[in-house]
Amino acid sequence: MHFVYHFVACSIIIIYFCSYQLSIFNYVTNQLYQSKEMEKVDRLDKKILSILSQNARMPFKDVAAQCGVSRAAIHQRVQHLIENGAITGSGFDVNPKSLGYTTCTYIGLNLERGSMYKKVVERLSAIPEVVECHFTTGPYTILLKLYARDNEQLMDLLNNQLQGIPGVVSTETLISLEQSIKREIPITEEL
């Protein structure tokens, strides 16, 4: 058990320090075109985003060659895209199974009141197995994605952590049997 935590900590440190040019771009939010704070991206920006979203490890010199511009221009454009929020992060996708997390689960939480959302999210952020949290419409107030080592750990997370958070009225658990599609939002170069 100690080895797994040590391995995870070392992996996180390596990922953090290797991330700059090795992988840029987790996703481009669909709010990019709706937000007044973000500037609109042009055709070249879209081409850069398209290339990097397919292969975030591609060196800037190769991106520049595909775009027909200098490496410095790519570097400036990427910096601008980061500053304007079009590129929201960088990093590697680590396969949770390689770290012993074999159960992928989506959990719908219902809260006593929607206004309790922020306090509940504070508590959820302290649970490392929770990897996504969304404030939603529909049957749940919050939809979580979390990973557990097995069903026993999942039961412990549900009974002893999630359901014990003040304001959580009920939970509904959906176990993912297989992830069939995982991709970034498509980027077209048309204006």
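When you go through LEU158, LEU154 one by one, which is the residue that is open to solvent by less than 80 Å² (accessible area, probe 1.4 Å), among the hydrophobic types (A, V, I, L, M, F, W, C), outside any strand (DSSP E or B) and over 12 Å from CYS104 (Cβ atoms)? Just a single option satisfies the conditions, and that option is LEU158. Could you please let me know if TYR147 is more than 21 Å from GLN179 (Cβ to Cβ) and of a type in the set (Phe, Trp, Tyr)? In short, no.
How many of the residues in region 105-122 are touching a residue at least 12 places away in the same chain (Cβ under 8 Å) and under 19 Å from the mean Cα position of the chain (by Cα)? Write out each step before concluding.
Kept after step one, since they are touching a residue at least 12 places away in the same chain (Cβ under 8 Å), are these residues of region 105-122: 105-114, 116-117, 119-121.
Then keep just the ones that are under 19 Å from the mean Cα position of the chain (by Cα); that gives 105-108, 121.
Residues flagged as touching a residue at least 12 places away in the same chain (Cβ under 8 Å) and under 19 Å from the mean Cα position of the chain (by Cα) within region 105-122 amount to 5.
Put simply, of LEU99, LEU177 the only residue that is among the aliphatic types (A, V, I, L, M) and touching a residue at least 24 places away in the same chain (Cβ under 8 Å) is LEU99. The set of residues in region 162-191 being open to solvent by less than 70 Å² (accessible area, probe 1.4 Å) and under 13 Å from THR105 (Cβ atoms) consists of LEU162, THR171, THR173, SER176.
The residues of region 48-96 that are closer than 30 Å to ASN151 by Cβ and in contact (Cβ under 8 Å) with a residue 24 or more places away in the chain, listed by number, are GLY91, PHE92, VAL94, PRO96.
Restricting attention to region 53-63, which residues are at pLDDT 90 or above and either within 17 Å of GLY91 (Cα to Cα) or open to solvent by 50 Å² or more (accessible area, probe 1.4 Å) (or both)?
MET58, PRO59, PHE60, LYS61, ASP62
Please specify each residue of region 134-174 satisfying the condition of being in contact with a Leu (Cβ under 6 Å, 6 or more places away or on another chain), touching a residue at least 40 places away in the same chain (Cβ under 8 Å), of a type in the set (A, V, I, L, M, F, W, C) and more than 21 Å from LEU99 (Cα to Cα). Selection gives VAL168 alone.
Looking at region 100-144, which of its residues are among the acidic types (Asp, Glu) and surrounded by 15 or more Cβ atoms within 10 Å (Cβ to Cβ)?
Correct list: GLU129 only.
Within region 73-82, no residue satisfies the criterion of being open to solvent by 60 Å² or more (accessible area, probe 1.4 Å) and of a type in the set (Gly, Ala, Ser).
The values are calculated or read from the model by the stated rules, or taken from the named source; none is laboratory data. Not measured: the values here are computed from a predicted model. Cβ sites come from the backbone with ideal geometry, for glycine too, and all protein chains shown count toward neighbours. These area figures cover heavy atoms from the full protein model, side chains too; ligands, DNA and RNA do not enter into them. Shrake-Rupley method; radii C 1.70, N 1.55, O 1.52, S 1.80 Å.
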